[in-house]
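Below is one structure, written out as structure tokens; comments come after it.
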Amino acid sequence: MNTANSVDSFTCPEFLAMERTIIDDFVDCTREACEEAEACVKELNNDGGAAYVHRLFRAMHSLKGNCQMVGLTPFVELLHRVEEIVARVRAEQDPYFRELGEFLLLAIDEVEDLLNDLIANGSTSDVRRKKLYDLCDTLQKTSSQGFQSQQFKDAIALLDGKTASKEPVSKSPRVVLELPDDMLLMHKFAQQIDNLSIYRKNRSEQSAQLTESLNEALGFPVDARQLQAASLMHDVGMSFIPHNIFNKEGGLSREELKIVQEHVVTGSQILLRFGGWDEAARIVLDHHERFDGYGYPNSLTGQQIHAGARMLAIVDTFCSITNERSDRSYKRSVLSAISEINANIESQFDPQMVEMFNEVVRKLIARQ
């Protein structure tokens, strides 16, 4: 139960007394829901279709459900009011417009900030929570004839604390036309592809760390920087795949599967264009080849597949299993991932590399 500890703040002893792993899980799931909502608003502002409205509603519903699961009742009530705004657009009672989306983003930021404050300090502002609740309530009550952009502009000004000012607005720093370090740019590309889906949170960085550990355990058969570049860039080609295929829930058609498989060619070509990353490009091109020759794009077998690609294939599968996916809203355990990888030695993976990867994961579990 949430209890007030001062006139303008409240706390939730039951939530704060939960195991740290549960609170951390809650934070991760909340952040993913917020990121998904932000991504949907961005797409809707770029004339995205009804599918993004449905995804936005699901993200808001997940955010509310997360709070309900851990007993944060005041946030459940607040998020229900925010969710009702999206529900009206989803039901086609009202159209979507940019001001509505901007208000939702500010509301989500405010909720996330309040939650972080509660977790970090043991209490948070009830005044801010009630202010947002009242704004949502007022929008609902004064919009019986339909949402109007001016109402949301006014709400944004109140929520964001904007006031009229005669002071000149400071100019943004000048953007300099210069070429950044290759690896720095690769990290940025990796972050961009991971931000395209809530199911890819830090996926590329995780892959890079695991392939580095596996390469070290094997005695560095592959140049470390080339392998790092390949690990960061191996899925960048996915960003060129149409959104309706990239985010499709369920199986892909044969034609859609061919389009997805093109990502290895695109990623390798981008690395070749960088110059000096030929080995990384080869790793990216080969990382969906199978040890038995039934992979793509060239149906290579065994040692024909680049050693870095054989490592990356194992790590990529491990990350896929241990993270949530669009067709599975839960994470599978590390042990189930290892079990599946071991069940596919010689058919999909290099047996010797799998054996060494088992040792890498055992050490990882021991450290945790």
Rounded, prolate or oblate: which one fits the stretch 218-260, using the alpha carbon gyration tensor with axes a ≥ b ≥ c (rounded when a/c is under 1.5, else prolate when a/b beats b/c, else oblate)?
-> prolate
When the Kirkwood hydrodynamic radius is evaluated over all pairs of different C-alpha atoms of the chain, what value in angstrom, to one decimal, is obtained?
-> 23.3
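Using C-alpha positions alone, give me the convex hull volume of the stretch 236-368 per residue in cubic angstrom. Mind dumping the intermediate values first?
On the way: hull volume 17.1 nm³, N = 133.
Each residue corresponds to 128 Å³ of Cα convex hull volume.
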Can you pull the percent of the stretch 265-368's accessible area that's carbon plus sulfur, 1.4 Å probe, other chains left in place?
-> 48
Run the 1.4 Å probe and let me know the accessible area of residue 291, rounded to the nearest 10 Å².
-> 40
Of the residues 22, 270, 305, which exhibits the maximal mean-square fluctuation in a Gaussian network model of the chain defined by a 10 Å Cα contact cut-off?
-> 22
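Leaving out ligands and nucleic acids, note down the accessible area per residue over the stretch 5-50 with a 1.4 angstrom probe, in whole Å². Provide the component values of the computation, followed by the final result.
Numbers: 2400 Å² over 46 residues.
Normalised by residue count, the accessible surface of the stretch 5-50 is 52 Å².
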In degrees from 0 to 90, rounded to the nearest 10, what is the angle of the helix 126-141 Cα long axis to the longest principal axis of the chain?
-> 80
So how far apart, in nm, are the two label points at residue 224 and residue 143 if each is 7 Å from Cα heading toward Cβ?
-> 5.4
For helix 20-45, report the angle its Cα long axis makes with the longest principal axis of the Cα atoms of the chain; keep it between 0 and 90° and round to the nearest 10°.
-> 80
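Taking 35 Å as R0, compute the FRET efficiency from the Cβ-Cβ separation of residue 317 and residue 17 and round it to 0.05. Walk me through the numbers on the way to the answer.
On the way: r = 38 Å, r/R0 = 1.08.
With a Förster radius of 35 Å, E is 0.40.
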In a Gaussian network model over the chain where Cα atoms closer than 10 Å are linked, find which of 230, 337, 59 has the largest mean-square fluctuation.
-> 337
Loop-resident sites, the stretch 41-98, for trypsin sites (Lys or Arg not before Pro), counting at most 10 other Cβ within 10 Å (DSSP) | none
What per residue convex hull volume, in Å³, do the alpha-carbon atoms of the stretch 182-257 yield?
-> 115
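Take the alpha carbon gyration tensor of the stretch 35-96, find the square roots of its eigenvalues, order them as a ≥ b ≥ c, and report rounded if a/c is under 1.5; if not, report prolate when a/b exceeds b/c, else oblate. Intermediate values should be presented prior to the final figure.
Details: a/c = 2.93, a/b = 1.80, b/c = 1.62.
Prolate, because a/c is 1.5 or more and a/b exceeds b/c.
How big is the dipole moment of the chain about its Cα centre under a simple scheme where the beta carbon of each Lys and Arg is +1, that of each Asp and Glu is -1, and everything else is neutral? Debye, nearest 20, please. If you can, show how the numbers build up before the last one.
Details: 39 positive and 56 negative charges, 90 e Å.
In total the dipole reaches around 440 debye.
What number results when the radius of gyration of the stretch 1-120, computed over Cα atoms, is divided by 2.2 N^0.38 Å? Mind showing how you got there, number by number?
Values: Rg = 15.1 Å, N = 120, 2.2 N^0.38 = 13.6 Å.
Rg over 2.2 N^0.38 Å, computed on Cα atoms: 1.11.
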Spacing of the two label points (7 Å from each Cα toward its C-beta) at residue 298 and residue 58, in nm = 3.8
Where is the GNM fluctuation largest for the chain (alpha-carbon springs, 10 angstrom cutoff): 129, 203, 20?
-> 20
Could you give the angle, 0 to 90 degrees to the nearest 10, between helix 203-217's Cα long axis and the longest principal axis of the Cα atoms of the chain?
-> 30
Rounded to the nearest 10 Å², what accessible area does residue 83 show when all protein chains are kept and the probe is 1.4 Å?
-> 10
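Carbon-plus-sulfur fraction of the accessible area of the stretch 1-135, 1.4 Å probe, in percent? Please list the in-between numbers first.
On the way: 3300 of 6370 Å².
After summing per-atom areas, the C and S share lands at 52 percent.
For the stretch 77-139, with every protein chain kept in place, what is the accessible area per residue (1.4 Å probe, Å²)?
Numbers: 2690 Å² over 63 residues.
I get 43 Å² per residue for this part.
The values are calculated or read from the model by the stated rules, or taken from the named source; none is laboratory data. Note that the structure is predicted; figures quoted are calculated from it, not measured. Because the Cβ atoms are built from the backbone with ideal geometry, glycine has one as well, and the counts that use them run over all protein chains shown. Quick note on the areas: whole protein, heavy atoms, side chains included, nothing else; ligands and nucleic acids left out. Shrake-Rupley method; radii C 1.70, N 1.55, O 1.52, S 1.80 Å.
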